[in-house]
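The structure appears below as C-alpha cells.
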Amino acid sequence: MKCGRGALVVLEGVDRAGKTTQCKELVRELQRSGRAAEMMRFPDRTTMIGQLISSYLEKKSDLEDHTVHLLFSANRWELVPEMKQKLEKGISLVVDRYAFSGVAFTSAKPGFGLEWCKSPDVGLPKPDLVMFLQLPPSVAAARGEFGTERYETSVFQQAVQSKFDQLMEDPTVNWQVIDAARSVEEVHKDIKQFAMNTINAVEKQPIGDLWK
Ligand SMILES: Nc1ncnc2c1ncn2[C@@H]1O[C@H](COP(=O)(O)OP(=O)(O)OP(=O)(O)O)[C@@H](O)[C@H]1O
Ligand SMILES: [Mg+2]
C-alpha cells in the first residue's frame, strides 16, 4: 500500500504544443498502471474568477492588464486547498499550464517586469516537475490556424516563448524540456518516464513553495 503524497506535475509550452493531449494521455496511463492521478487545467474557467478570465480571453470583455494578471493568479490560489488535499491523499496532479504561463503571458506585454509578474504566485504549491513542450513555430503552424481568442497571434506567441526561456533559467524549478515535434506516442513515452520517476521520488518529501 502506498502512503506517500502525490506528485505535482505541470505541462507548459506554447500554443498547440500538445499540452492538453499529453496531460490526458498521462493521466490515463497513470490510472491504467494503478496510480491515483487527476488532471487540472489553468485557467480553470468553471469558477467565478475563471468566468471573468474566460470572458476576457474570448474578447467578450476588456480588463486592465494588471487586473487580469492578478485574476489569473487568484484563479490558481483559489484551487490550492483542493490541490493540497489531493496531493496529501496520494493523488498525483497533472496540470495543464500553471504560474509559468501566467508570468510568461503578462510579462510579454509592454511595461511588465518578470519579478512583478511572479510575485502574486510566490508560495503556490511548487511543482515537483515542469515539462516544457518545445515546438518550433513552423511545426506549430502546421497543426492548424490560430484560434480567435486573445493572445493567439504568432508575434505574441514568440514574445511568450522568450519569457518562458527566461523562466527556464531558474534552477530552483525542476524543468525538463521535451521535444514536442514528434508523434503523440513518442512524446508520451518521455513524459510518462519523467512523471513516473518524479512520482516515486517525491512520495516522502514535503510539498515545496514556488519561487520562495
Ligand atoms: N505530437 C503531435 N503531433 C501532431 N499533432 C499533434 C501532436 N500533439 C497534439 N497534436 C494536435 O495539435 C493540436 C494542438 O494540441 P493540444 O490541444 O494538445 O495543444 P495545447 O498545447 O493544449 O494547445 P493550447 O495551448 O492551444 O491549449 C491538436 O489538434 C492535436 O490533436
Ligand atoms: Mg490546451
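The values are calculated or read from the model by the stated rules, or taken from the named source; none is laboratory data. Bear in mind the structure is a predicted one, so any value in this text is a computation, not a measurement. Cβ coordinates were reconstructed from backbone atoms using ideal geometry, including for glycine residues, and neighbour counts include every protein chain displayed.
Answer yes or no as to whether K19 is away from ligand 1 (no atom under 15 Å from the Cβ) and of a type in the set (K, R). No.
The set of residues in region 6-65 that are in a loop (DSSP other than H, G, I, E, B) and of a type in the set (A, V, I, L, M, F, W, C) comprises A7, V14, A17, A36, F42, L63. Scanning region 171-197 for residues that are closer than 21 Å to D121 by Cα and either in contact with a helix residue (DSSP H, G or I) (Cβ under 8 Å, 6 or more places away or on another chain) or in contact (Cβ under 8 Å) with a residue 24 or more places away in the chain (or both) yields a total of 5. For region 29-74, filtered to residues that are free of Cβ contacts under 8 Å to residues at least 12 places away in the same chain, surrounded by 14 or more Cβ atoms within 10 Å (Cβ to Cβ) and within 16 Å of ligand 2 (Cβ to nearest atom), the residue that is farthest from P110 (Cα to Cα) is R45. When region 129-161 is filtered for residues that are of a type outside the set (A, V, I, L, M, F, W, C), touching a residue at least 24 places away in the same chain (Cβ under 8 Å), surrounded by 12 or more Cβ atoms within 10 Å (Cβ to Cβ) and farther than 16 Å from G18 by Cα, the ones remaining, listed by number, are E149, R150, Y151.
I'd like to verify a number: residues in region 164-212 that are more than 15 Å from ligand 1 (Cβ to nearest atom), under 17 Å from V14 (Cβ atoms) and either out of contact with any Leu (no Cβ under 7 Å at 6 or more places or on another chain) or aliphatic (A, V, I, L, M) (or both), how many? Selection size over region 164-212: 4.
Could you tell me whether L70 is under 30 Å from A181 (Cβ atoms) and of a type in the set (A, V, I, L, M, F, W, C)? The answer is no for L70. Assessment of region 85-105 against the conditions (assigned to a loop (DSSP other than H, G, I, E, B), under 26 Å from V177 (Cα atoms), over 14 Å from the mean Cα position of the chain (by Cα) and of a type in the set (F, W, Y)) yields no matching residue. Selection within region 1-28: residues that are more than 14 Å from ligand 2 (Cβ to nearest atom) and either surrounded by fewer than 18 Cβ atoms within 10 Å (Cβ to Cβ) or among the acidic types (D, E) (or both). The member of this set that is modelled with the highest pLDDT is R28. So how many residues does region 98-134 have that are among the basic types (K, R) and in contact with a Ser or Thr (Cβ under 9 Å, 6 or more places away or on another chain)? Residues that pass the stated criteria total 2. Scan region 24-72 for residues that are over 30 Å from F112 (Cα atoms), of a type in the set (A, V, I, L, M, F, W, C) and within 19 Å of the chain's Cα centre (by Cα) and the total you get is 5.
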